[in-house]
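A.B. asks: Sharing a structure, written as structure tokens. Questions coming.
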Amino acid sequence: MNQLPLLPIQLVDEQPADRSVSKDLLFIGFDEQDRRYALKTVEPAAPLLPLTEWLCYHLCRLVGVITPEFSIVIRLDGTPAFGSRWEENAREFSPGKVSEAQFLGWLQRTRADTSGMFGMDGFMPNPDRHMGNILFVQTGARLRALAFDWSRTAIFEPWPWDAGCNSAQNWNWFKSIGNIDEAMLDTRLQRLRSVTEKQVFEILQAAPELWRNNVSIESAAQWWQTNRDNRAKAVSDLLKS
């Protein structure tokens, strides 16, 4: 995992996001180097949104699930937001723009990445992993799948996700087309079991106070200590059933 950032990034411009693309992304920000960020902010309907993204991105880094770069960013009004760096050269599935054969090829080449991704989604849980929040990035000779957007994710409870949710339906589709890597799923779940309560505490403690919204980081860390092993096993059973 990258070290927790010592200094936040100052934004110099903001724009409203295209709500037809994402219902949960309200703003896009730019820093002084013209790097673009998808911003997640504390909102009345989703007060824990940036904290959830912060925790999930850090956990992904700890267990080897690839994400875009991310940081605390300071908005023009001085408030902190969660900023996920825009992957300018990434490919994304879009009906009408990407053929089914091409998309299935991407999935086949990245099934180790997506299997680990769904393991993380099952653990938290995230009920909204759909094909629009997986990015495909060419890294040398390899195509990799990046996870982003945990806007609908719970911090540990309630669990499990609903059987009809996007994540469940898409995982079942992956299984039906043979697009899963059980060994990688097991590896990511084992690495989640190796994350310590101290690491969870430090991740949450490093988040801006505005994001915490009276969340007890001590209780969250204790939950992790008590439940991580059983949760990992339950996720394995859920995804392999």
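A.B. asks: Restricting to the range 6-59, what's the tally of residues that are over 28 Å from V200 (Cβ atoms) and out of contact with any strand residue (DSSP E or B) (no Cβ under 8 Å at 6 or more places or on another chain)?
C.D. replies: 7
A.B. asks: Looking only at the range 91-100, decide whether some residue is of a type outside the set (S, T, N, Q), part of a helix (DSSP H, G or I) and surrounded by fewer than 16 Cβ atoms within 10 Å (Cβ to Cβ).
C.D. replies: Filtering the range 91-100 for residues of a type outside the set (S, T, N, Q) gives 91-93, 95-98, 100.
Subset that is part of a helix (DSSP H, G or I): 100.
When the remaining residues are screened for being surrounded by fewer than 16 Cβ atoms within 10 Å (Cβ to Cβ), the result is 100.
The answer is yes, given that some residue of the range 91-100 is of a type outside the set (S, T, N, Q), part of a helix (DSSP H, G or I) and surrounded by fewer than 16 Cβ atoms within 10 Å (Cβ to Cβ).
A.B. asks: From the list L189, L185, which residue is more than 30 Å from N89 (Cβ to Cβ) and out of contact with any strand residue (DSSP E or B) (no Cβ under 6 Å at 6 or more places or on another chain)?
C.D. replies: L189
A.B. asks: Test L135 against the criterion of being under 13 Å from the mean Cα position of the chain (by Cα), within 24 Å of V235 (Cβ to Cβ) and in a strand (DSSP E or B), and give yes or no.
C.D. replies: Taking the combined requirement at face value, the residue satisfies it.
A.B. asks: Considering the range 135-147 alone, what residues qualify as being within 21 Å of K23 (Cβ to Cβ) and surrounded by fewer than 24 Cβ atoms within 10 Å (Cβ to Cβ)?
C.D. replies: Listed by number, the residues that qualify are L135, L146.
A.B. asks: Which one is surrounded by the fewest Cβ atoms within 10 Å (Cβ to Cβ) among residues in the range 198-225 that are among the polar types (S, T, N, Q) and part of a helix (DSSP H, G or I)?
C.D. replies: So the first thing to find is which residues in the range 198-225 are among the polar types (S, T, N, Q), and the list is 199, 205, 213-214, 216, 219, 222, 225.
Applying the additional criterion that residues be part of a helix (DSSP H, G or I) yields 199, 205, 219, 222, 225.
Numbers: Q199: 16, Q205: 13, S219: 9, Q222: 14, Q225: 14.
Out of the qualifying residues, it is S219.
Quick grid of which residues meet (1) touching an Asp or Glu at 6+ places or on another chain (Cβ under 7 Å); (2) among the aliphatic types (A, V, I, L, M); (3) in a loop (DSSP other than H, G, I, E, B):
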position: P127; (1), (2), (3): yes, no, yes
position: L146; (1), (2), (3): yes, yes, no
position: A154; (1), (2), (3): no, yes, yes
position: G164; (1), (2), (3): no, no, yes
position: N170; (1), (2), (3): no, no, no
position: I180; (1), (2), (3): no, yes, yes
position: L185; (1), (2), (3): no, yes, no
position: L189; (1), (2), (3): no, yes, no
position: L192; (1), (2), (3): no, yes, no
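A.B. asks: Would you be able to tell me the number of residues in the range 114-165 that are acidic (D, E), within 24 Å of R85 (Cβ to Cβ) and free of Cβ contacts under 8 Å to residues at least 60 places away in the same chain? So that I can check it myself, show each step before the final result.
C.D. replies: Within the range 114-165, the first condition is being acidic (D, E), and the residues that meet it are 121, 128, 149, 157, 162.
Applying the additional criterion that residues be within 24 Å of R85 (Cβ to Cβ) yields 121, 128, 149.
Filter once more, keeping what is free of Cβ contacts under 8 Å to residues at least 60 places away in the same chain: 121, 128.
Total meeting the criteria: 2.
A.B. asks: Something else now. What is the one condition in (1) modelled with pLDDT of 95 or more; (2) not hydrophobic (A, V, I, L, M, F, W, C); (3) not in a strand (DSSP E or B) that G83 does not satisfy?
C.D. replies: (3)
A.B. asks: If you check N126, N227, N179, N213, which single one turns out to be over 19 Å from the mean Cα position of the chain (by Cα), modelled with pLDDT of 95 or more and within 18 Å of C56 (Cα to Cα)?
C.D. replies: Sole residue among the options that is over 19 Å from the mean Cα position of the chain (by Cα), modelled with pLDDT of 95 or more and within 18 Å of C56 (Cα to Cα): N227.
A.B. asks: Another question, then. Name the single residue, out of those in the range 226-241 being in a helix (DSSP H, G or I) and of a type in the set (S, T, Y), that is surrounded by the most Cβ atoms within 10 Å (Cβ to Cβ).
C.D. replies: Kept after step one, since they are in a helix (DSSP H, G or I), are these residues of the range 226-241: 226-240.
Applying the additional criterion that residues be of a type in the set (S, T, Y) yields 226, 236.
Values: T226: 11, S236: 18.
Checked the range 226-241; the qualifying residue surrounded by the most Cβ atoms within 10 Å (Cβ to Cβ) is S236.
The values are calculated or read from the model by the stated rules, or taken from the named source; none is laboratory data. Remember, it's a predicted structure, so these values are computed and weren't measured experimentally. Backbone-built Cβ (ideal geometry, glycine too); neighbour counts: all protein chains shown.
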